[in-house]
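> Could you have a look at this structure, given as structure tokens, before my questions?
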Amino acid sequence: MAATDDGYVRPAREAAVSSGDRGDRLLEAAMGVVEWPFTRLQRLIGLRRMPWVFVLPNMALFTIFVFIPVLLAIGYAFTGGTELLLWNRPFVGFENFSRLLSCGSYLDPATCELDLFWTAVFNTTWYTAFNATGTLVVSLVTALVLNRLTRGKAFFRAIFFYPVLLSPVVVALVWKWFLARNGLLNAVFADMMGERTIFLLEVLWSRFWVVYVSIWFHMGFYTLIILAGLQAIPRDIYEAALIDGTSRWRQFWRLTLPLLMPNLLVVLVLLLIRSVQVFDEAWVLTDGGGPGTANTFVVQFIYETAFATDVRLYGLASAASVLMGLALLVLTLVQLWLGKKAEN
Amino acid sequence: MASIRMDGLTKAYGNLEVIHGIDLDIEEGEFVALVGPSGCGKSTMLRMIAGLESISRGEIAFDGEVVNEMTPSERGISMVFQSYALYPHLTVRKNLSFGLENLRMKRAEIDARVAEAARMLELDAYLDRKPKALSGGQRQRVAIGRAIVRHPKVFLFDEPLSNLDAKLRVQTRGEITRLHRQLGTTMIYVTHDQVEAMTMAGKIVVLNGGKVEQVGRPLDLFERPANLFVAGFIGSPRMNLYDGQIVGTEGGAARVASPETGELTVPLGHAASGRAVKIGLRPSHFAVGAEAEGSPLMLDVDQVESLGHETYLHGRLNGAETTTIVHVQNHLDAAPGDRLPVRPRAGHVHLFDAASGQSLGRA
């Protein structure tokens with residue numbers, strides 16, 4: 001790059017042209033078309049203001065679809081009634097929050113004013129614990145095995161990643177069919193088990209399968225992140241460890257795991273956030289959180305309170321959203337703090 | 001300390017053989033440099049000695065005991081990697097003690113050894129730092145320290161200086177030689193830099209294309225290269241080589257001639273007249289200017305590199321096309337376009353068979 005008198009920074013494109021490659025020339029032509037308006041704009045507003053031009057499109061979308069809705073949700077959380085528009089709704093202060101939080105005992109959802117919310121909180125908690133741990137362990141083991149493969153690494157990586165590309169609803173429907181009373185699993189194991197199990201109608205089984213399907217669905221993504229981390233560890237460190245006479249077990253605990261920690265931390269943060277947000281695939285799989293409320297999660301409670309009942313309590317749903325957002329914020333901060341601490 | 005014997009050492013990847021049956025003896029306590037151009041197999045050979053690379057055929061024995069099937073740690077070697085391969089998340093102290101902890105050594109003994117290595121390499125001040133907080137030279141010393149604490153039978157170095165700047169390289173060269181004197185351990189040192197090999201090693205093994213070209217003491221290789229490859233590889237700037245021919249023999253002497261050198265008489269017993277040869281003259285083996293007054297050989301100077309205490313002249317001998325480099329001690333007042341008399345120093349003319357590249361002797 002070289003700066004000219006007008007402060008405009010010109011990309012070094014001579015190399016691309018001189019190579020004479022057709023693709024390069026096409027790219028060059030395309031760049032020329034894109035470059036021209038930016039060159040003019042930069043002359044007009046100066047180099048220092050250019051970064052704003054580049055972040056503006058994303059900032060605008062982010063503002064409209066994320067930032068303003070967040071502010072609106074906080075606003076709705078302090079209003080009551082069933083009116084849709086914010087300015088028609090009466091201000092009620094912390095009433096929605098106090099309703100959500102009023103419980104005889106926080107350990108027993110039945111004693112709470114909004115028992116469904118607390119059931120959902122409990123369900124989300126166990127789901128998060130099992131799903132995050134399960135996915136982390138399965139992804140880690142898969143990545144370790146993939147990393148050791150000398151052949152077919154790309155093939156298996158693609159296989160494990162493939163479910164990530166599917167729609168949550170499709171995944172849930174496929175598994176629902178698989179687990180149904182007359183589904184594939186029962187058909188195969190009916191003789192062996194003597195009777196057919198209606199997996200999704202039994203509390204423990206349904207919870208197991210909700211977590212299982214989620215791990216199956218998402219592990220490819222996390223495996224990829226962990227695999228990237230494993231491949232970033234220089235091979236010669238393991239050779240040095242070999243010369244040092246380090247056992248495989250100690251290599252894993254003392255070298256691989258600590259060197260992988262930044263990636264594992266990212267995976268854990270993402271997993272926790274996504275687990276707390278569980279909704280679509282579980283909702284379809286369990287026909288709306290069943291059996292009973294065994295698989296009703298917080299996002300489902302928010303969705304149903306705001307949009308799926310006759311009396312639409314936007315304020316209450318927003319307050320629940322805000323509480324969930326705060327919980328996620330705290331979780332993330334704690335993990336970032338742990339990460340920083342581990343680094344030092 | 002250990003002596004090492006290699007017998008028909010061969011490495012093949014599938015059908016591709018990269019090391020072709022090397023036989024080599026390394027004495028106890030010797031400092032041996034494996035030197036050669038990129039891809040000559042020197043690093044592969046070192047990794048086979050270390051046990052990081054399997055042996056396709058042949059044998060490696062330490063003190064007479066075959067180690068082919070032993071793991072690296074069982075062989076009792078230490079290795080310093082080109083990239084240092086330090087454990088990035090551990091402090092210097094932990095890097096040094098990691099291998100000793102694997103041996104379930106007593107804490108006090110570990111601490112003593114770490115302290116000893118730290119003192120020897122002046123790492124005391126950095127023991128609690130992590131590798132990323134160290135300079136390249138300090139990291140290098142940690143890597144050497146990690147090798148020392150194991151009290152190995154053999155030290156292996158894989159191009160350990162290639163990531164250091166020129167000044168640090170010279171300094172570390174000295175440190176490693178000092179270490180060898182101090183510890184007396186057998187050391188095998190891989191490098192592509194013939195200067196490192198010449199200045200540090202007691203014995204140099206020149207490798208090319210997976211074969212040994214010559215084994216010898218540094219000065220032997222310089223003064224009596226066994227073939228054209230060694231002649232060209234050892235010595236900087238490289239030896240001037242000219243296509244020539246034996247034009248006659250009288251008594252125990254032969255007359256060789258080339259367009260560049262004219263006719264030279266060299267003592268050579270067994271040479272057939274008419275044989276095609278390569279004539280080799282090292283840049284430093286010329287008398288120039290007043291010293292060569294009356295010589296029929298003239299150098300047309302094209303370029304002068306004056307370093308103050310020495311001068312390199314690039315030019316053409318006798319008006320031929322081939323570029324000749326001449327090295328002159330001290331400063332020489334010369335400029336491009338000058339025509340200077342030069343004379344090859346007696347006893348320093350190398351002759352090689354043009355077809356086989358093997359040395360015919362030096363005169």
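> When the helix-only estimate is applied to chain A (DSSP H runs of n ≥ 4, each -39,500 (n - 2.57), divided by the residue count), what is the mean residue ellipticity at 222 nm, nearest 500 deg cm²/dmol?
Numbers: 15 runs with 229 residues, N = 344.
-22000 deg cm²/dmol, from helical runs alone.
> So what is the relative contact order of chain A, in percent, for Cα pairs below 8 Å that sit 6 or more residues apart?
Relative contact order, chain A: 22 percent.
> On to the next question. Taking the Cβ-Cβ separation of A:Met192 and A:Trp249 as r and a Förster radius of 45 Å, what is the calculated FRET efficiency to the nearest 0.05?
Once rounded, the FRET efficiency stands at 0.75.
> Which of A:Ser167, A:Ser275, A:Ser318 moves the most in a Gaussian network model of chain A with Cα springs under 10 Å?
Ranking A:Ser167, A:Ser275, A:Ser318 by mean-square fluctuation puts A:Ser167 first.
> Shifting gears a bit: Per residue of segment B:113-126, in order, report the coupling 6.51 cos²θ - 1.76 cosθ + 1.60 (Karplus, θ = phi - 60°) as ³J(HN,Hα) in whole Hz, putting x for Gly and Pro.
With coefficients 6.51, -1.76 and 1.60, one gets 5, 4, 5, 5, 5, 5, 5, 4, 9, 6, 10, 3, 6, 10 Hz.
> Among A:206-216, B:16-26, A:147-157, B:342-352, how do they line up by average Cβ neighbours within 10 Å per residue, starting with the highest?
Descending mean neighbour count gives A:206-216, B:342-352, B:16-26, A:147-157.
> Same structure again: Which whole-number percent is the relative contact order of chain B (Cα, under 8 Å, 6+ apart)?
On the way: 776 pairs, mean separation 54.0, N = 363.
Averaging sequence separation for qualifying contacts and normalising by length gives 15 percent for chain B.
> Follow-up question, since we're still on this one. Between B:Ser356 and A:Val203, what is the spin-label point distance in nm, taking each point 7 Å from the Cα along the Cα→C-beta axis?
Each label point is offset 7 Å from its Cα along the Cβ direction, giving 9.3 nm.
> May I ask you to compute the full-extension gain from A:Arg40 to A:Val145, defined as 0.36 nm times their residue separation minus their alpha-carbon distance, rounded to one decimal in nm?
Extending this stretch completely gives an extra 32.5 nm.
> Could you rank the peptides A:174-181, B:233-240 by their average count of other C-beta atoms within 10 Å per residue, with the highest value first?
Answer by packing, highest mean first, reads B:233-240, A:174-181.
> I need the calculated FRET efficiency for the pair A:Leu47 and B:Val66, taking r as the beta carbon distance and R₀ as 60 Å, to the nearest 0.05.
Taking R0 as 60 Å, the efficiency between A:Leu47 and B:Val66 is 0.30.
> Moving to a separate point now. Mind listing the lone cysteines of the protein assembly as shown, meaning no other Cys beta-carbon sits under 4.7 Å from theirs?
B:Cys40
> Among A:Val70, A:Val145, A:Gly81, pick out the residue whose Cα is farthest towards the positive end of the charge dipole of chain A, where Lys and Arg carry +1 and Asp and Glu carry -1 on C-beta, about the Cα centre.
A:Val145
> Something else about it: Work out, step by step, the length gained on full extension between B:His331 and B:Val18: first 0.36 nm times the residue separation, then minus their alpha carbon distance; give nm to one decimal.
Full extension of this stretch gives 108.1 nm more.
> Kyte-Doolittle cut-off 1.0, length cut-off 15 Å along the helix's own axis using Cα: show which whole DSSP H helices in chain A pass.
Those that clear 15 Å and a mean of 1.0 are A:50-62, A:168-179, A:203-232, A:257-276, A:314-343.
> Mind checking B:76-85 for the average number of partner chain beta-carbons within 10 Å of each residue's beta-carbon?
The shielding value for this peptide is 4.
> Taking Cα centroids, how far is segment B:212-248 from segment B:173-206 in Å?
Their Cα centres are 21 Å away from one another.
> Here's a follow-up. Can you give the Rg and Dmax of segment B:4-233 based on its C-alpha atoms, in angstrom?
Looking at segment B:4-233, its Cα Rg and Dmax stand at 17.7, 55 Å.
> Which shape class, rounded, prolate or oblate, goes with chain A when its Cα gyration tensor gives a ≥ b ≥ c as root eigenvalues, a/c under 1.5 marks rounded, and past that a/b bigger than b/c marks prolate? Provide the component values of the computation, followed by the final result.
Working: a/c = 1.93, a/b = 1.22, b/c = 1.58.
In terms of gyration-tensor shape, oblate.
> How large is the charge dipole for the protein assembly as shown, taken about the Cα centre, if only the Cβ atoms of Lys, Arg (+1) and Asp, Glu (-1) carry charge, to the nearest 20 debye?
I would put it at about 960 debye.
> With axes computed from alpha carbons, what is the tilt in degrees of helix B:136-148 against the longest principal axis of chain B, rounded to the nearest 10 within 0 to 90?
In chain B, helix B:136-148 runs at an angle near 70 degrees to the longest axis.
> Tell me, how many Å apart are the Cα centres for segment A:274-344 and for segment B:1-71?
Centre-to-centre (Cα) distance: 62 Å.
> What is the distance in Å between the Cα centroid of segment A:126-180 and that of segment B:324-363?
Segment A:126-180 and segment B:324-363 have Cα centres separated by 71 Å.
> Can you give the mean number of other chain Cβ atoms that lie within 10 Å of the Cβ atoms in peptide B:145-154?
1
> Rounded, prolate or oblate: which fits the protein assembly as shown when a ≥ b ≥ c are the square roots of the eigenvalues of the alpha-carbon gyration tensor, with rounded for a/c under 1.5 and prolate only if a/b beats b/c?
Prolate shape, in that a/c is at least 1.5 and a/b is the bigger ratio.
> Calculated from DSSP H runs of 4 or more alone, at -39500 (n - 2.57) each and per residue, what is the 222 nm mean residue ellipticity of chain B, nearest 500?
Taken over chain B, the calculation gives -7000 deg cm²/dmol.
> Given an 8 Å cut-off on Cα distances and at least 6 residues of separation, report the relative contact order of segment B:93-221 as a percent.
Rounded, it is 18 percent for segment B:93-221.
> Out of A:Ile302, A:Ile243, A:Ile68, any idea which swings most in a Gaussian network model of chain A, alpha carbons joined below 10 Å?
A:Ile243
> Here is a follow-up. Only four residue types carry charge here, +1 at the Cβ of Lys and Arg and -1 at the Cβ of Asp and Glu. Report the dipole size of segment B:1-123 about the Cα centre in Debye, rounded to the nearest 20.
Approximately 680 debye in magnitude.
> Next up: Quick one: angle between helix B:166-183 and the longest Cα principal axis of chain B, in degrees between 0 and 90, rounded to 10, please.
Orientation of helix B:166-183: about 60 degrees from the principal axis.
> Continuing with this model, one more query. Can you say what percent of the DSSP beta bridges in segment B:93-216, counting only those with both residues inside, are antiparallel? Round to 5.
50 percent
> Ok, one more. To the nearest 20 debye, what charge dipole does chain B have about its Cα centre, counting +1 at the Cβ of each Lys and Arg and -1 at the Cβ of each Asp and Glu?
My answer is approximately 1220 debye.
> Across the residues of A:242-255, average count of Cβ atoms on other protein chains within 10 Å? All intermediate terms of the calculation are to be shown ahead of the outcome.
On the way: counts 7, 18, 15, 12, 5, 2, 0, 0, 3, 1, 0, 0, 7, 5.
Shielding by partners across A:242-255 averages 5.
> Counting only DSSP beta bridges with both residues in segment B:4-233, what percent are antiparallel, rounded to the nearest 5?
For segment B:4-233, the DSSP antiparallel bridge percentage is about 50.
> Could I ask something else about it? Quick one: which residues, 5 or more positions from B:Asp302 or on another chain, have an amide H under 5 Å from its amide H? H modelled 1.01 Å from N in the peptide plane, none for Pro or chain starts.
HN-HN under 5 Å from B:Asp302: B:His314, B:Gly315, B:Arg316, B:Gly337.
> Using just the Cα positions, wrap segment B:114-208 in a convex hull and report its mean projected area in square nanometres, one decimal place. Kindly include the intermediate steps, with their values, before the conclusion.
Numbers: hull surface 25.6 nm².
Dividing the Cα hull surface by four gives the mean projection, 6.4 nm².
Readers should treat all values here as calculations from the given coordinates under stated rules, not as data from a laboratory. Remember, it's a predicted structure, so these values are computed and weren't measured experimentally. Using ideal geometry, Cβ is built from the backbone for each residue, glycine included, and neighbour counts are taken over all protein chains shown.
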